[in-house]
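Student: This is the structure, below, for whatever I ask next.
The values are calculated or read from the model by the stated rules, or taken from the named source; none is laboratory data. Predicted model, so just to flag it, every value in this text is computed and none were measured. Here the Cβ positions follow ideal geometry from the backbone for every residue, glycine too, while neighbour counts run over all protein chains shown. For accessibility, only protein heavy atoms count, side chains too; no ligands or nucleic acids. Shrake-Rupley method; radii C 1.70, N 1.55, O 1.52, S 1.80 Å.
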Amino acid sequence: MKSTIYYGPRDVRVEERPIPEPQTPEDAVIRVVRTCVCGSDLWPYRSKDVNTPGTPIGHESIGVVTQVGADVTVAAVGDFVIVPFPISCGECAACKAGFESSCLNGGYFGGGAEGEGCQSEYLRVPHANGTIVNVSQALAAGDIPGAPASSKAFSDEMLADLLTLSDVMGTGYHAAVSAEVTSGYTAVVFGDGAVGLCGVLSAKLLGASRIIAMSRHENRAAIAREFGATDIVPERGDDAVARVMELTGAGADAVLECVGSAQSFDTALKVGRPGAVIGRVGLPHGVQLPAEATFYRNIGIKGGPAPVRTYARQRLLREVLSGNIHPGRVFTNTYTIDEVPQAYADMDARRVIKALVTVSEV
(Lines give C-alpha, C1' and ligand atoms only; values in the text may rest on other atoms or scores of the structure.)
Protein backbone atom coordinates (compact mmCIF):
# COMPACT_ATOMS: atom_id res chain seq x y z
CA MET A 1 0.00 0.00 0.00
CA LYS A 2 1.00 3.66 -0.33
CA SER A 3 1.75 5.50 2.90
CA THR A 4 3.00 9.00 3.70
CA ILE A 5 6.27 8.90 5.65
CA TYR A 6 7.94 11.73 7.56
CA TYR A 7 11.72 12.03 7.10
CA GLY A 8 12.46 15.53 8.37
CA PRO A 9 11.61 19.22 7.94
CA ARG A 10 9.77 19.72 4.65
CA ASP A 11 10.51 16.13 3.69
CA VAL A 12 7.49 13.83 3.49
CA ARG A 13 7.38 11.02 0.94
CA VAL A 14 4.81 8.55 -0.31
CA GLU A 15 6.24 5.05 -0.13
CA GLU A 16 5.13 1.45 -0.44
CA ARG A 17 4.55 -0.26 2.90
CA PRO A 18 2.91 -3.60 3.77
CA ILE A 19 -0.88 -3.58 4.22
CA PRO A 20 -1.38 -3.82 8.00
CA GLU A 21 -2.94 -6.78 9.75
CA PRO A 22 -4.57 -6.89 13.20
CA GLN A 23 -1.83 -7.33 15.79
CA THR A 24 -4.14 -7.92 18.76
CA PRO A 25 -7.75 -9.13 19.14
CA GLU A 26 -8.74 -5.47 19.75
CA ASP A 27 -7.44 -4.19 16.38
CA ALA A 28 -9.35 -3.33 13.23
CA VAL A 29 -8.03 -2.47 9.77
CA ILE A 30 -9.73 0.02 7.46
CA ARG A 31 -9.39 0.85 3.79
CA VAL A 32 -9.01 4.61 3.86
CA VAL A 33 -11.50 6.51 1.71
CA ARG A 34 -10.55 10.08 2.63
CA THR A 35 -7.75 11.58 4.68
CA CYS A 36 -6.26 15.07 4.92
CA VAL A 37 -3.39 17.26 6.07
CA CYS A 38 -3.87 19.09 9.37
CA GLY A 39 -2.39 22.36 10.56
CA SER A 40 -0.77 20.45 13.41
CA ASP A 41 0.99 18.24 10.83
CA LEU A 42 2.84 21.40 9.80
CA TRP A 43 4.62 21.68 13.16
CA PRO A 44 6.94 18.72 12.44
CA TYR A 45 6.93 19.63 8.73
CA ARG A 46 8.34 23.05 9.66
CA SER A 47 10.64 21.44 12.30
CA LYS A 48 8.92 23.12 15.25
CA ASP A 49 8.25 19.62 16.56
CA VAL A 50 10.46 16.70 15.62
CA ASN A 51 9.03 13.33 14.62
CA THR A 52 11.25 10.28 14.22
CA PRO A 53 12.46 9.97 10.61
CA GLY A 54 10.70 7.10 8.87
CA THR A 55 7.48 7.57 10.85
CA PRO A 56 4.08 7.27 9.08
CA ILE A 57 2.23 10.56 9.45
CA GLY A 58 -1.38 11.77 9.46
CA HIS A 59 -4.12 11.50 12.08
CA GLU A 60 -7.48 12.01 10.32
CA SER A 61 -9.33 9.42 8.23
CA ILE A 62 -12.62 7.83 7.30
CA GLY A 63 -13.03 4.51 5.54
CA VAL A 64 -14.40 0.99 5.28
CA VAL A 65 -13.53 -1.80 7.72
CA THR A 66 -11.66 -4.67 6.02
CA GLN A 67 -10.52 -6.77 9.00
CA VAL A 68 -11.43 -7.03 12.68
CA GLY A 69 -9.80 -8.79 15.61
CA ALA A 70 -11.71 -11.40 17.60
CA ASP A 71 -12.67 -8.95 20.37
CA VAL A 72 -13.90 -6.11 18.14
CA THR A 73 -17.62 -5.44 18.58
CA VAL A 74 -17.89 -1.79 17.52
CA ALA A 75 -17.87 -2.59 13.80
CA ALA A 76 -17.94 -5.42 11.28
CA VAL A 77 -16.22 -5.89 7.95
CA GLY A 78 -17.86 -3.58 5.40
CA ASP A 79 -18.94 -0.89 7.89
CA PHE A 80 -18.16 2.73 7.10
CA VAL A 81 -16.39 4.37 10.03
CA ILE A 82 -14.72 7.54 11.28
CA VAL A 83 -11.30 7.13 12.90
CA PRO A 84 -10.80 9.96 15.44
CA PHE A 85 -7.24 11.14 15.98
CA PRO A 86 -6.95 9.84 19.59
CA ILE A 87 -6.42 6.13 20.12
CA SER A 88 -8.51 5.31 23.19
CA CYS A 89 -9.23 2.18 25.18
CA GLY A 90 -12.81 3.12 26.11
CA GLU A 91 -12.42 1.58 29.58
CA CYS A 92 -10.16 3.83 31.69
CA ALA A 93 -11.32 6.69 33.92
CA ALA A 94 -10.56 9.31 31.27
CA CYS A 95 -12.54 7.49 28.56
CA LYS A 96 -15.51 6.85 30.85
CA ALA A 97 -15.55 10.56 31.76
CA GLY A 98 -15.77 11.50 28.06
CA PHE A 99 -12.14 12.63 27.74
CA GLU A 100 -10.83 9.79 25.61
CA SER A 101 -8.28 12.17 24.08
CA SER A 102 -6.46 11.87 27.43
CA CYS A 103 -6.83 8.06 27.56
CA LEU A 104 -4.56 6.44 30.13
CA ASN A 105 -3.85 3.53 27.77
CA GLY A 106 -3.97 5.18 24.37
CA GLY A 107 -2.08 7.62 22.18
CA TYR A 108 -2.52 9.42 18.88
CA PHE A 109 -2.29 8.49 15.22
CA GLY A 110 0.53 9.92 13.16
CA GLY A 111 3.78 9.67 15.07
CA GLY A 112 2.30 8.96 18.50
CA ALA A 113 2.83 5.93 20.69
CA GLU A 114 1.29 3.52 18.18
CA GLY A 115 3.05 5.00 15.15
CA GLU A 116 0.09 4.50 12.79
CA GLY A 117 -0.28 7.09 10.02
CA CYS A 118 -3.69 7.94 8.56
CA GLN A 119 -2.32 9.36 5.28
CA SER A 120 -2.18 5.84 3.89
CA GLU A 121 -4.30 3.49 1.80
CA TYR A 122 -4.92 1.20 4.78
CA LEU A 123 -4.79 1.83 8.52
CA ARG A 124 -4.56 -0.38 11.58
CA VAL A 125 -6.78 0.93 14.39
CA PRO A 126 -5.65 -0.19 17.86
CA HIS A 127 -8.29 -0.33 20.63
CA ALA A 128 -10.96 -0.27 17.94
CA ASN A 129 -13.89 -0.58 20.38
CA GLY A 130 -12.86 2.62 22.15
CA THR A 131 -11.68 4.53 19.08
CA ILE A 132 -13.94 3.99 16.06
CA VAL A 133 -17.21 5.83 15.35
CA ASN A 134 -19.49 3.55 13.33
CA VAL A 135 -21.35 5.62 10.72
CA SER A 136 -23.08 2.61 9.14
CA GLN A 137 -24.58 1.73 12.51
CA ALA A 138 -25.91 5.28 12.93
CA LEU A 139 -27.54 5.15 9.49
CA ALA A 140 -29.06 1.72 10.17
CA ALA A 141 -30.86 3.09 13.24
CA GLY A 142 -33.01 5.11 10.82
CA ASP A 143 -33.70 7.96 13.23
CA ILE A 144 -31.75 10.82 11.60
CA PRO A 145 -34.04 12.97 9.42
CA GLY A 146 -32.53 13.73 6.02
CA ALA A 147 -29.67 11.24 6.37
CA PRO A 148 -28.57 9.19 3.33
CA ALA A 149 -29.89 5.64 3.18
CA SER A 150 -26.40 4.15 3.28
CA SER A 151 -22.75 5.08 2.97
CA LYS A 152 -22.95 4.17 -0.74
CA ALA A 153 -25.09 7.28 -1.18
CA PHE A 154 -22.56 9.67 0.33
CA SER A 155 -21.70 12.64 -1.87
CA ASP A 156 -18.19 14.07 -1.97
CA GLU A 157 -19.50 16.93 0.17
CA MET A 158 -20.82 14.51 2.80
CA LEU A 159 -17.54 12.61 2.86
CA ALA A 160 -15.66 15.87 3.44
CA ASP A 161 -18.06 16.81 6.26
CA LEU A 162 -17.63 13.40 7.90
CA LEU A 163 -13.86 13.60 7.66
CA THR A 164 -13.84 16.76 9.78
CA LEU A 165 -15.34 14.73 12.65
CA SER A 166 -12.05 12.85 12.96
CA ASP A 167 -10.47 16.07 14.25
CA VAL A 168 -11.08 19.66 13.20
CA MET A 169 -14.85 19.96 13.68
CA GLY A 170 -14.66 18.13 16.99
CA THR A 171 -11.68 20.26 18.01
CA GLY A 172 -13.43 23.52 17.16
CA TYR A 173 -16.47 22.26 19.05
CA HIS A 174 -14.24 21.44 22.04
CA ALA A 175 -13.01 25.03 22.03
CA ALA A 176 -16.59 26.30 22.14
CA VAL A 177 -17.72 23.81 24.79
CA SER A 178 -14.64 24.50 26.92
CA ALA A 179 -15.27 28.25 26.63
CA GLU A 180 -18.81 27.57 27.88
CA VAL A 181 -20.49 29.23 24.90
CA THR A 182 -24.23 29.39 25.36
CA SER A 183 -27.27 31.15 23.92
CA GLY A 184 -26.86 34.89 23.51
CA TYR A 185 -23.12 34.95 24.18
CA THR A 186 -20.52 37.02 22.36
CA ALA A 187 -17.58 34.80 21.39
CA VAL A 188 -14.15 35.70 20.03
CA VAL A 189 -12.38 33.06 17.92
CA PHE A 190 -8.60 33.14 17.46
CA GLY A 191 -7.37 31.27 14.42
CA ASP A 192 -8.68 31.27 10.85
CA GLY A 193 -7.38 27.83 9.94
CA ALA A 194 -9.68 24.83 9.76
CA VAL A 195 -9.99 24.47 13.55
CA GLY A 196 -10.69 28.15 14.10
CA LEU A 197 -13.31 28.18 11.34
CA CYS A 198 -14.93 25.10 12.89
CA GLY A 199 -14.80 26.99 16.20
CA VAL A 200 -16.89 29.73 14.59
CA LEU A 201 -19.36 27.13 13.33
CA SER A 202 -19.46 25.52 16.78
CA ALA A 203 -20.06 28.80 18.58
CA LYS A 204 -23.01 29.36 16.24
CA LEU A 205 -24.24 25.81 16.89
CA LEU A 206 -24.16 26.44 20.65
CA GLY A 207 -26.19 29.64 20.34
CA ALA A 208 -23.73 32.54 20.30
CA SER A 209 -25.45 35.65 18.99
CA ARG A 210 -22.26 37.54 18.13
CA ILE A 211 -19.10 35.87 16.88
CA ILE A 212 -15.91 37.83 16.29
CA ALA A 213 -13.44 36.02 14.05
CA MET A 214 -9.82 37.14 14.16
CA SER A 215 -8.75 36.91 10.51
CA ARG A 216 -6.73 38.92 8.04
CA HIS A 217 -7.23 36.65 5.02
CA GLU A 218 -10.33 37.35 2.97
CA ASN A 219 -10.83 33.77 1.72
CA ARG A 220 -10.81 32.52 5.31
CA ALA A 221 -12.93 35.41 6.54
CA ALA A 222 -15.50 34.56 3.86
CA ILE A 223 -15.90 31.03 5.26
CA ALA A 224 -16.01 32.44 8.79
CA ARG A 225 -18.94 34.64 7.76
CA GLU A 226 -20.62 31.67 6.07
CA PHE A 227 -20.23 29.73 9.34
CA GLY A 228 -21.76 32.50 11.44
CA ALA A 229 -19.15 35.19 12.15
CA THR A 230 -20.76 38.59 12.62
CA ASP A 231 -17.51 40.59 12.82
CA ILE A 232 -14.01 40.16 11.36
CA VAL A 233 -11.02 41.65 13.17
CA PRO A 234 -7.73 41.61 11.22
CA GLU A 235 -5.63 43.40 13.83
CA ARG A 236 -3.05 41.63 16.03
CA GLY A 237 -1.64 42.23 19.50
CA ASP A 238 -2.70 45.37 21.37
CA ASP A 239 -4.54 46.68 18.30
CA ALA A 240 -6.67 43.52 18.32
CA VAL A 241 -7.46 43.97 22.01
CA ALA A 242 -8.50 47.59 21.40
CA ARG A 243 -10.74 46.59 18.48
CA VAL A 244 -12.48 43.80 20.41
CA MET A 245 -13.07 46.13 23.35
CA GLU A 246 -14.48 48.72 20.96
CA LEU A 247 -16.91 46.10 19.64
CA THR A 248 -17.89 44.57 22.99
CA GLY A 249 -17.39 47.17 25.70
CA ALA A 250 -16.24 44.99 28.59
CA GLY A 251 -14.92 42.12 26.47
CA ALA A 252 -16.28 38.85 25.12
CA ASP A 253 -18.28 36.31 27.14
CA ALA A 254 -16.25 33.43 25.69
CA VAL A 255 -12.86 33.15 23.99
CA LEU A 256 -11.85 30.30 21.66
CA GLU A 257 -8.05 29.98 21.27
CA CYS A 258 -7.40 27.78 18.23
CA VAL A 259 -3.81 28.71 17.38
CA GLY A 260 -1.47 27.88 20.26
CA SER A 261 1.12 30.60 19.65
CA ALA A 262 2.39 32.88 22.40
CA GLN A 263 0.95 35.98 20.74
CA SER A 264 -2.45 34.43 20.16
CA PHE A 265 -2.78 33.20 23.73
CA ASP A 266 -1.51 36.49 25.19
CA THR A 267 -4.17 38.37 23.22
CA ALA A 268 -6.84 35.84 24.18
CA LEU A 269 -6.12 36.51 27.86
CA LYS A 270 -6.93 40.19 27.35
CA VAL A 271 -10.16 40.18 25.33
CA GLY A 272 -12.54 38.31 27.64
CA ARG A 273 -14.76 40.10 30.10
CA PRO A 274 -14.24 39.41 33.82
CA GLY A 275 -15.43 35.85 34.46
CA ALA A 276 -14.98 34.73 30.84
CA VAL A 277 -13.56 31.32 30.01
CA ILE A 278 -10.89 30.65 27.39
CA GLY A 279 -11.38 27.38 25.52
CA ARG A 280 -7.87 26.42 24.39
CA VAL A 281 -7.35 23.81 21.70
CA GLY A 282 -4.37 25.22 19.79
CA LEU A 283 -1.30 23.04 20.34
CA PRO A 284 0.76 25.34 22.63
CA HIS A 285 4.19 26.53 21.51
CA GLY A 286 6.01 28.97 23.77
CA VAL A 287 2.85 29.77 25.73
CA GLN A 288 3.14 30.92 29.35
CA LEU A 289 0.25 31.39 31.77
CA PRO A 290 0.87 34.39 34.02
CA ALA A 291 -1.13 33.83 37.20
CA GLU A 292 -2.10 37.46 37.75
CA ALA A 293 -3.51 37.80 34.22
CA THR A 294 -6.25 35.33 35.13
CA PHE A 295 -6.56 35.76 38.90
CA TYR A 296 -7.75 39.34 39.29
CA ARG A 297 -10.21 39.11 36.39
CA ASN A 298 -11.54 35.66 37.30
CA ILE A 299 -10.61 34.31 33.88
CA GLY A 300 -11.01 30.56 33.43
CA ILE A 301 -8.90 28.38 31.13
CA LYS A 302 -10.09 24.99 29.91
CA GLY A 303 -9.36 22.69 27.02
CA GLY A 304 -6.71 20.50 25.46
CA PRO A 305 -6.80 17.64 22.94
CA ALA A 306 -10.42 17.28 21.88
CA PRO A 307 -12.50 14.20 22.76
CA VAL A 308 -13.84 14.13 19.22
CA ARG A 309 -15.31 10.62 19.47
CA THR A 310 -17.52 11.73 22.36
CA TYR A 311 -18.68 14.83 20.49
CA ALA A 312 -19.38 12.86 17.29
CA ARG A 313 -21.48 10.31 19.14
CA GLN A 314 -23.29 12.89 21.27
CA ARG A 315 -24.22 15.38 18.57
CA LEU A 316 -21.95 16.14 15.65
CA LEU A 317 -22.49 12.98 13.59
CA ARG A 318 -26.24 13.59 13.58
CA GLU A 319 -25.72 17.25 12.61
CA VAL A 320 -23.59 16.23 9.63
CA LEU A 321 -25.70 13.27 8.46
CA SER A 322 -28.87 15.38 8.58
CA GLY A 323 -27.19 18.14 6.55
CA ASN A 324 -27.54 20.77 9.27
CA ILE A 325 -23.84 21.74 9.13
CA HIS A 326 -21.17 21.55 6.44
CA PRO A 327 -17.77 21.78 8.13
CA GLY A 328 -16.17 20.18 5.07
CA ARG A 329 -16.16 23.67 3.53
CA VAL A 330 -12.76 24.10 5.22
CA PHE A 331 -11.24 21.85 2.54
CA THR A 332 -10.24 24.15 -0.29
CA ASN A 333 -8.25 21.79 -2.50
CA THR A 334 -8.22 18.06 -3.21
CA TYR A 335 -5.24 15.78 -3.84
CA THR A 336 -4.52 12.12 -4.56
CA ILE A 337 -2.42 10.00 -2.21
CA ASP A 338 0.57 10.46 -4.56
CA GLU A 339 0.18 14.23 -4.27
CA VAL A 340 0.36 14.43 -0.46
CA PRO A 341 3.84 16.05 -0.48
CA GLN A 342 2.39 18.83 -2.65
CA ALA A 343 -0.55 19.14 -0.25
CA TYR A 344 1.91 19.77 2.60
CA ALA A 345 3.77 22.37 0.53
CA ASP A 346 0.54 24.14 -0.40
CA MET A 347 -0.67 24.26 3.21
CA ASP A 348 2.74 25.43 4.38
CA ALA A 349 2.55 28.30 1.87
CA ARG A 350 -1.06 29.04 2.90
CA ARG A 351 -2.28 28.42 -0.64
CA VAL A 352 -5.05 26.22 0.80
CA ILE A 353 -6.86 26.26 4.14
CA LYS A 354 -7.00 22.49 4.53
CA ALA A 355 -5.97 19.83 2.03
CA LEU A 356 -8.37 16.93 1.35
CA VAL A 357 -6.85 13.68 0.09
CA THR A 358 -8.98 11.25 -1.95
CA VAL A 359 -7.62 7.75 -1.36
CA SER A 360 -10.43 5.46 -2.56
CA GLU A 361 -14.18 5.40 -3.00
CA VAL A 362 -16.85 3.96 -0.72
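Student: Roughly how many percent of the accessible protein surface of the chain is carbon and sulfur, given a 1.4 Å probe and a whole-percent answer?
Tutor: Carbon with sulfur: 49 percent of the solvent-accessible area.
Student: At a 1.4 Å probe radius, which order do Lys152, Lys354 fall into by accessible area, largest first?
Tutor: Lys152, Lys354
Student: Then there is this: Looking at the chain, what % of its DSSP beta bridges pair antiparallel, to the nearest 5?
Tutor: 55
Student: With respect to the cross-link table entries Lys2/Lys302; Lys2/Lys354; Lys302/Lys354; Lys152/Lys302; Lys2/Lys96; Lys204/Lys302, which display a Cα-Cα separation exceeding 29 Å?
Tutor: Listed pairs above 29 Å: Lys2/Lys302; Lys152/Lys302; Lys2/Lys96.
Student: Which whole-number percentage describes the relative contact order of region 134-238, with Cα contacts under 8 Å and a sequence gap of 6 or more?
Tutor: Relative contact order comes out at 20 percent.
Student: Next question. Starting from 0.36 nm per residue, how many nanometres of slack lie between Thr182 and Arg236 once their C-alpha separation is accounted for?
Tutor: Stretched out fully, the Thr182 to Arg236 stretch lengthens by 16.8 nm.
Student: Can you give me the relative contact order of the chain as a percent, contacts being Cα pairs under 8 Å and 6 or more apart?
Tutor: Here the relative contact order equals 19 percent.
Student: Then there's this: For the chain, what D do you get in µm² per second when you plug the Kirkwood radius from alpha-carbon pairs into Stokes-Einstein at 25 °C and 0.890 mPa s?
Tutor: D = 120 µm²/s.
Student: Binning at 5 angstrom from zero up to the longest distance, how are the C-alpha pair distances of region 250-362 distributed in percent?
Tutor: Distribution as computed: 2, 10, 13, 14, 16, 16, 13, 8, 4, 2, 1 percent.
Student: How high is the FRET efficiency between Ala97 and Asn333 when r is their beta carbon distance and R₀ equals 30 Å, given to the nearest 0.05?
Tutor: 0.20
Student: Given a 1.4 Å probe, how much area per residue of the chain is accessible, in Å²?
Tutor: 39
Student: Could you identify which residue out of Arg124, Arg273, Arg297 has the top mean-square fluctuation in a GNM of the chain using Cα springs shorter than 10 Å?
Tutor: Fluctuation is largest for Arg297.
Student: How high is the relative contact order of region 211-311, in percent, counting Cα pairs under 8 Å that sit 6 or more residues apart?
Tutor: 20
Student: What are the extents of the Cα atoms of region 1-122 along their three principal axes, listed from largest to smallest and rounded to whole Å?
Tutor: 40, 32, 22
Student: Have a look at Cys38, Ile5, Pro18 and report the one farthest towards the positive end of the charge dipole of region 1-45, computed about the Cα centre with Cβ charges (Lys/Arg +1, Asp/Glu -1).
Tutor: Cys38
Student: Continuing with this model, one more query. For Arg280, what residues show an amide H to amide H distance below 5 Å, using hydrogens built from the backbone and excluding near sequence neighbours?
Tutor: Amide H neighbours of Arg280: Glu257, Lys302, Gly303, Gly304.
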